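Only one structure is covered here, and it is reproduced in the block below.
Every number in this text was worked out from the coordinates using simple rules, so none of it is lab data. Everything numeric in this text was worked out from a predicted model, so none of it was measured. Quick reminder, even Gly has a Cβ in these numbers, built from the backbone with ideal geometry, and neighbours come from all protein chains shown.
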């Protein structure tokens with residue numbers, strides 16, 4: 001991974017509290033796994049930035065190298081890699097994701 005790509009990724013995860021590297025956008029996810037994580041975050045009212053890895057092959061591969069995690073989507077909270085779809089889904093189902101976000105001082109928007 002080039003230093004430029006690493007710096008771009010680092011900038012995203014440090015400049016935004018919650019970042020989801022995903023296929024597609026939050027409004028139009030382009031894979032089921034990305035869609036699942038978007039739905040969970042939206043349900044919880046967690047504000048997040050989506051980064052569409054399909055728009056840039058360097059970012060698509062770079063995020064896998066950055067986290068040493070082989071798949072997308074990837075969720076970062078306060079600069080820390082949390083996990084992919086299965087981990088996020090499990091945390092949500094166990095009630096842990098909401099608590100985790102609260103412990104990181106992520107203000108959840110309630111309807």
Can you say whether residue 79 is farther than 20 Å from residue 17 by Cβ and in contact with a helix residue (DSSP H, G or I) (Cβ under 7 Å, 6 or more places away or on another chain), as far as the supplied structure shows? no
Spot the failing condition for residue 87; the list is (1) over 20 Å from residue 103 (Cβ atoms); (2) surrounded by fewer than 19 Cβ atoms within 10 Å (Cβ to Cβ); (3) without any contact (Cβ under 8 Å) to a residue 40 or more places away in the chain, and only one is missed. (1)
Taking region 25-39 as the search range and keeping residues that are over 11 Å from the mean Cα position of the chain (by Cα) and part of a helix (DSSP H, G or I), which one is nearest to residue 71 (Cα to Cα)? 33
Which residue out of 76, 66 is within 22 Å of residue 2 (Cβ to Cβ), surrounded by 19 or more Cβ atoms within 10 Å (Cβ to Cβ), more than 10 Å from the chain's Cα centre (by Cα) and touching a residue at least 40 places away in the same chain (Cβ under 8 Å)? 66
Residue 27: exposed (fewer than 13 other Cβ atoms within 10 Å of the Cβ), within 23 Å of residue 108 (Cα to Cα) and free of Cβ contacts under 8 Å to residues at least 60 places away in the same chain, yes or no? yes
Looking only at region 11-24, count how many residues are within 12 Å of residue 66 (Cβ to Cβ) and free of Cβ contacts under 8 Å to residues at least 24 places away in the same chain. 1
Name every residue in region 44-67 that is in contact with a strand residue (DSSP E or B) (Cβ under 9 Å, 6 or more places away or on another chain) and either farther than 20 Å from residue 27 by Cα or part of a helix (DSSP H, G or I) (or both), in order of residue number. 53, 54, 59, 60, 63, 64, 66, 67
